[in-house]
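To keep things clear, I will list the structure first and then write my remarks on it.
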Amino acid sequence: MADQQLYPVPAQWAAEAKVDQTGYEAMYAAAGSDPDAFWLDQAKRLQWVRAPTVAGDWSFDEADFGISWFKDGVLNVAANCLDRHLAERGDQVAIIWEPDVPEEEPKRFTYAELHREVCRFANVLKAQGVRKGDRVTIYLPMIPEAAFALLACARIGAIHSVVFGGFSPDALAGRIEDCDSKLVITADCGRRGGKRIALKANVDAAAAQAPSLEKVIVIKATGDDVPMHDRDIWYHQAAESVSTDCPPEPMNAEDPLFILYTSGSTGKPKGVLHTTGGYLLWASYTHDLVFDYRPGNVFWCAADVGWVTGHTYVIYGPLANGATTLMYEGLPNWPDASRIWQVVDRHQVHTVFTAPTALRSLMKEGDAPVKATSRVSLKLLGTVGEPINPEAWRWYHDVVGEGRSPIVDTWWQTETGGALICPLPGATDLKPGSATKPLPGIYPQLVDENGAVLEGAASGNLCITASWPGQMRTVWGDHERFFQTYFTTYPGKYFTGDGCRRDEDGYYWITGRVDDVLNVSGHRMGTAEVESALVLHPKVAEAAVVGMPHDVKGQGIYAYVTLNSGETASDDLAAELRQWVRKEIGPIASPDAIQFAPGLPKTRSGKIMRRILRKIAEGEVESLGDTSTLADPSVVDDLVANRVS
Ligand code: 6R9
């Protein structure tokens with residue numbers, strides 16, 4: 001099979017990487033034979049106020065369900081990311097910030113400077129009454145202050161909840177209220193790809209629906225004129241009067257570090273909770289192993305800090321490891337398709353880590369924009385967020401990397417804290433499109449619909465059978481939902497929601513979600529969320545949303561909409577509904593196709609048969625399967641006849 005073509009570890013990588021194939025196998029075995037000893041040893045990567053004496057203490061069974069790691073350890077995340085590096089590398093650059101507009105000067109912060117900025121920010125938060133355990137919502141563009149804000153919360157033990165700047169005021173308000181957060185940190189405006197995002201105005205609109213909100217700290221980022229209300233505080237003014245001395249709060253390893261909302265197959269987005277010790281260890285361990293980080297390398301994860309990838313691989317992993325991390329304000333293809341590679345040359349980037357959707361959009365523009373740059377510094381490539389199609393993989397490998405750089409395809413989730421299944425550049429032969437093998441300490445299992453364990457080469461539902469330090473600990477405010485969502489489909493196992501194939505070499509190939517979660521441009525989107533946004537529109541009676549294949553986004557959003565009687569379908573109404581969803585959730589949720597349907601295919605018990613809707617959206621109208629159990633089989637003919645292509 002063409003997709004089975006093997007790309008062996010380049011000789012130089014095999015010789016020089018921290019972990020080679022034998023090393024990987026030895027680590028994998030060690031983590032399995034004595035997990036406590038293995039993880040207590042790995043925990044030495046971090047600096048502890050009090051070192052832990054226990055590693056994992058967990059059960060996925062209902063009777064004694066619970067997950068903890070290093071529970072008697074005490075540490076502070078910001079101290080690990082900053083203070084402990086000061087003696088050795090205080091003058092080394094910690095963050096390189098590349099602005100949206102290429103003509104502007106980048107900014108650089110050494111570890112000593114970053115330490116000062118974080119302490120200052122922490123003192124501003126304290127002066128506003130923020131205390132250990134309080135929730136702080138962060139709604140910022142990719143500016144250095146975003147890094148300061150996350151680390152400032154960690155320093156004083158406040159729990160941050162970052163909301164992606166592309167989310168609407170409604171979505172923001174829901175997330176502020178869900179975790180009862182009293183303070184929001186935002187900016188006047190954001191910039192991305194030459195466009196402005198009215199962040200402060202969005203916070204003002206959200207405030208009307210978020211009674212818990214008391215204060216808003218506003219960073220002057222673009223200098224745009226924004227109205228200031230009683231609750232608003234300019235950061236630069238508040239920062240004038242505080243000291244830059246702020247001792248880190250000693251935190252228990254199991255104290256919460258952050259909440260990050262993510263979409264599930266049902267209901268509102270869930271507040272995924274990560275804790276202090278286990279998460280930071282996972283961020284540090286995976287950043288070190290997967291990217292073979294060496295002092296001096298410039299590491300660039302191109303994700304926004306609004307997603308988990310930005311948390312783990314822009315901020316926490318690299319800074320815990322004393323790395324130089326690049327933070328980019330803009331978009332991969334603006335002002336043109338060579339921007340990423342220009343940034344690589346400008347900052348002599350060693351590792352670039354991005355999403356397949358970005359690669360597909362650049363690949364469309366041909367090789368010339370890549371070849372116009374040198375990329376001589378580039379030694380390692382990474383992908384994350386969705387399965388990478390072998391064509392994009394080869395383009396990345398052959399054209400961008402000129403064949404010399406391994407690609408680490410990292411499979412993981414908001415829930416997992418960091419990478420779980422992925423190659424190590426010095427250890428794993430690669431197959432384009434496969435996330436390859438589990439990291440040491442990770443035990444994947446494939447099961448069929450009935451939960452029967454599948455051995456050897458097989459396709460099934462991907463579960464993980466043992467806890468790892470970076471695992472989420474709960475859904476904020478709803479521990480029962482945590483258990484129900486992840487541990488009841490296949491009792492005793494963590495169910496990822498992904499389908500997966502394992503080949504005869506033991507390589508894992510993620511095939512995508514098997515639940516009602518879409519992956520649009522590497523962003524998770526619950527079909528239920530888009531449906532509830534649509535039915536809020538006064539003319540809409542019912543909506544069903546499914547995924548459809550999309551060249552660049554991976555998946556597009558296909559919405560079937562039934563109107564209230566008396567309403568007429570039109571292109572204008574379709575445009576209005578798209579706008580409506582943008583307003584309710586944000587631009588990333590805007591449907592790519594809207595089909596007005598007089599009826600939806602339902603079983604006699606009233607359940608929408610999504611299988612049929614998916615097939616129609618995919619254009620596979622020849623293979624709809626059995627429709628005889630439908631209450632009214634004739635609706636299918638209408639749906640097929642009026643399919644939007
Ligand atoms: C990190 C992140 C998680 C879902 C996950 C899966 C998909 C992520 C992938 C991948 C294939 C990869 N996914 N990485 N699928 N290969 N390398 O993306 O977290 O936003 O929570 O999404 O993304 O379907 O279940 P999150």
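The values are calculated or read from the model by the stated rules, or taken from the named source; none is laboratory data. Nothing here was measured: the structure is a model prediction, and the numbers come from that model. Here the Cβ positions follow ideal geometry from the backbone for every residue, glycine too, while neighbour counts run over all protein chains shown. When the accessible area is computed, the model is the full protein with side chains, heavy atoms only, and any ligands, DNA or RNA have been set aside. Shrake-Rupley method; radii C 1.70, N 1.55, O 1.52, S 1.80 Å.
Quick look at the numbers
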item	result
Residue that is nearest to Phe487 (Cα to Cα) [pool: residues in region 397-416 that are within 15 Å of the ligand (Cβ to nearest atom), touching a strand residue (DSSP E or B) at 6+ places or on another chain (Cβ under 6 Å) and hydroxyl-bearing (Ser, Thr, Tyr)]	Thr414
Subset tally (residues that are open to solvent by 50 Å² or more (accessible area, probe 1.4 Å), in contact (Cβ under 8 Å) with a residue 60 or more places away in the chain and out of contact with any helix residue (DSSP H, G or I) (no Cβ under 8 Å at 6 or more places or on another chain)) for region 242-265	1
Any hit, region 63-75, residues being out of contact with any strand residue (DSSP E or B) (no Cβ under 7 Å at 6 or more places or on another chain), surrounded by 20 or more Cβ atoms within 10 Å (Cβ to Cβ), among the aromatic types (Phe, Trp, Tyr) and not in a helix (DSSP H, G or I)	yes
Subset of region 530-542 (residues that are small (Gly, Ala, Ser) and open to solvent by less than 10 Å² (accessible area, probe 1.4 Å))	Ala533
Matching residues in region 301-334 - criterion: being within 16 Å of the ligand (Cβ to nearest atom), aromatic (Phe, Trp, Tyr) and out of contact with any strand residue (DSSP E or B) (no Cβ under 6 Å at 6 or more places or on another chain)	Trp307, Tyr316
Single residue of Arg84, Arg45, Arg89, Arg108 found to be touching a strand residue (DSSP E or B) at 6+ places or on another chain (Cβ under 6 Å) and surrounded by fewer than 20 Cβ atoms within 10 Å (Cβ to Cβ)	Arg108
Test result for Thr527, within 16 Å of the ligand (Cβ to nearest atom) and open to solvent by 30 Å² or more (accessible area, probe 1.4 Å)	no
Pair list, Cβ < 7 Å and 6+ apart or interchain, from region 432-448 residues that are of a type in the set (A, V, I, L, M) to residues that are open to solvent by 10 Å² or more (accessible area, probe 1.4 Å) and in a loop (DSSP other than H, G, I, E, B)	Val447/Tyr490
Search result, residues across region 1-22 that are part of a helix (DSSP H, G or I), of a type outside the set (D, E, K, R) and either closer than 17 Å to Gly470 by Cα or over 29 Å from the mean Cα position of the chain (by Cα) (or both)	Ala2, Ala11, Gln12, Ala14, Ala15, Thr22
Within region 385-396, considering residues that are open to solvent by 40 Å² or more (accessible area, probe 1.4 Å) and away from the ligand (no atom under 12 Å from the Cβ), the one nearest to Ser361 (Cα to Cα)	Glu391
Tally of residues being within 18 Å of the chain's Cα centre (by Cα) and among the polar types (S, T, N, Q) across region 229-275	4
Those residues of region 354-384 which are within 16 Å of the ligand (Cβ to nearest atom) and either touching a Lys or Arg at 6+ places or on another chain (Cβ under 6 Å) or over 15 Å from Pro423 (Cα atoms) (or both), in sequence order	Thr354, Ala355, Pro356, Thr357, Ala358, Leu359, Arg360
Region 456-475 residues that are closer than 14 Å to Gln445 by Cβ and in contact (Cβ under 8 Å) with a residue 60 or more places away in the chain, paired with ones that are hydrophobic (A, V, I, L, M, F, W, C) and open to solvent by 20 Å² or more (accessible area, probe 1.4 Å) (beta carbon under 6 Å, 6 or more apart)	Ser467/Trp58; Ser467/Ile67
Residue check, Val344 more than 22 Å from the chain's Cα centre (by Cα), away from the ligand (no atom under 11 Å from the Cβ) and surrounded by 21 or more Cβ atoms within 10 Å (Cβ to Cβ)	yes
For Gly522: the one exception among (1) within 12 Å of the ligand (Cβ to nearest atom); (2) out of contact with any Lys or Arg (no Cβ under 8 Å at 6 or more places or on another chain); (3) open to solvent by less than 30 Å² (accessible area, probe 1.4 Å); (4) without any contact (Cβ under 8 Å) to a residue 60 or more places away in the chain	(4)
Boolean, Asp188 is open to solvent by less than 10 Å² (accessible area, probe 1.4 Å) and of a type in the set (Asp, Glu)	yes
Test result for Pro440, away from the ligand (no atom under 16 Å from the Cβ) and either under 19 Å from the mean Cα position of the chain (by Cα) or not aromatic (Phe, Trp, Tyr) (or both)	yes
Test: residue in region 292-310 that is of a type in the set (Asp, Glu) and touching a Lys or Arg at 6+ places or on another chain (Cβ under 8 Å)	yes
Considering residues of region 525-536 that are in contact (Cβ under 8 Å) with a residue 24 or more places away in the chain and in contact with an Asp or Glu (Cβ under 8 Å, 6 or more places away or on another chain) only, the residue farthest from Asp498 (Cα to Cα)	Leu536
Of all residues in region 462-517 being within 11 Å of the ligand (Cβ to nearest atom) and among the aromatic types (Phe, Trp, Tyr), the one that is surrounded by the fewest Cβ atoms within 10 Å (Cβ to Cβ)	Trp509
Residue that is surrounded by the fewest Cβ atoms within 10 Å (Cβ to Cβ) [pool: residues in region 309-332 that are more than 30 Å from Lys44 (Cα to Cα) and touching a residue at least 40 places away in the same chain (Cβ under 8 Å)]	Leu331
Lone unmet requirement of (1) open to solvent by less than 10 Å² (accessible area, probe 1.4 Å); (2) touching a Ser or Thr at 6+ places or on another chain (Cβ under 8 Å); (3) more than 12 Å from the ligand (Cβ to nearest atom) for Val447	(2)
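Let's see how each residue does on (1) over 18 Å from the mean Cα position of the chain (by Cα); (2) modelled with pLDDT under 95; (3) of a type in the set (S, T, N, Q):
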| residue | (1), (2), (3) |
| --- | --- |
| Gly310 | no, no, no |
| Val314 | no, no, no |
| Thr325 | no, no, yes |
| Thr351 | yes, no, yes |
| Asp367 | yes, no, no |
